[in-house]
1. May I ask which residue of B:Gln6, B:Pro40, B:Thr27 lies farthest towards the positive end of the charge dipole of the stretch B:2-57, with charges of +1 (Lys, Arg) and -1 (Asp, Glu) on Cβ and the Cα centre as origin?
2. Rounded to the nearest 20 Debye, what is the dipole magnitude of chain A about its Cα centre when Lys and Arg each give +1 and Asp and Glu each give -1 at the C-beta?
3. Placing +1 at every Lys and Arg Cβ and -1 at every Asp and Glu Cβ, with all other atoms neutral, what dipole size does the stretch B:63-115 have around its Cα centre, in debye to the nearest 20?
4. Mind checking the stretch B:10-115 for chymotrypsin sites (Phe, Trp or Tyr not before Pro) that DSSP puts in a loop (not H, G, I, E or B) and that have at most 16 other Cβ atoms within 10 Å?
5. Longer than 20 Å from Cα to Cα, which of A:Lys9/B:Lys96; B:Lys38/B:Lys70; B:Lys38/B:Lys78 are they? Say none if no pair is.
6. Any idea of the accessible area per residue across chain A, 1.4 Å probe, to the nearest Å²?
7. Report, as an integer, the average count of C-beta atoms from other chains found within 10 Å of each Cβ along A:90-97.
8. Which is farthest toward the positive dipole end of the stretch B:55-115 among B:Asn67, B:Met95, B:Ser82, measuring Cα position about the Cα centre, with Cβ charges +1 (Lys, Arg) and -1 (Asp, Glu)?
Amino acid sequence: NAGVTQTPKFQVLKTGQSMTLQCAQDMNHEYMSWYRQDPGMGLRLIHYSVGAGITDQGEVPNGYNVSRSTTEDFPLRLLSAAPSQTSVYFCASSSLGSNEAFFGQGTRLTVV
Amino acid sequence: AQTVTQSQPEMSVQEAETVTLSCTYDTSENNYYLFWYKQPPSRQMILVIRQEAYKQQNATENRFSVNFQKAAKSFSLKISDSQLGDTAMYFCAFMKRSTGNQFYFGTGTSLTVIP
């Protein structure tokens, strides 16, 4: 029972590099979302998706792109990494009609 | 817009004692849920307890219970018989049901259980 799987768990990038954080869920959940966690600020919503082909912006979307081509996967793309994007990133999924969310184990990203 | 406020950045409690973590929120939504999540050093987000806004009865889960005051928009967490394994960061969270189960989190309370 994998649940929500995020890869990688740790990543160091240089300023200006691009990368994709992967998120996959095996529960056939309609809803998926990305959050970032910064010290003293809790988790903040970056982007979310209510189904394949449908995405929308959250509180802090700048600098990030997402797409949802399948129900299972919801990758988060950093096109040109900046030090301000140093954070811990969480992916979450939930089912339509459910009040329970499942979180991945997080990705710690450092941009130098 | 939804906001969640946790006014206690750090708290400590003696093992076996009771501690209450505070949370207030602001919303114009009627259909929502409230949650407490625990985050140990492993950074995994662990659901502690949840409350449906339309239910007046306070939720309980073993040693964990909430005091939900809807009119006051208050949602505190009480941990009874505190254990060393309760040491963690605790986040209060609001989820609105209208658009994709979006969560809004407070800034967290770091709880230390002292042996």
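1. B:Pro40
2. Charge dipole, chain A, about its Cα centre: 460 debye, nearest 20.
3. It works out to roughly 340 debye.
4. B:Tyr54
5. Listed pairs above 20 Å: A:Lys9/B:Lys96; B:Lys38/B:Lys70.
6. 45
7. Neighbouring Cβ atoms belonging to other protein chains average 3 per residue here.
8. My answer, from the dipole projection, is B:Met95.
The values are calculated or read from the model by the stated rules, or taken from the named source; none is laboratory data. Computed from a predicted model, the values in this text were never measured in an experiment. Note that we place each Cβ from the backbone using ideal geometry, even for glycine, and neighbour counts take in every protein chain shown. Just the protein is used for accessible areas: all its heavy atoms, side chains included, with ligands, DNA and RNA removed. Shrake-Rupley method; radii C 1.70, N 1.55, O 1.52, S 1.80 Å.
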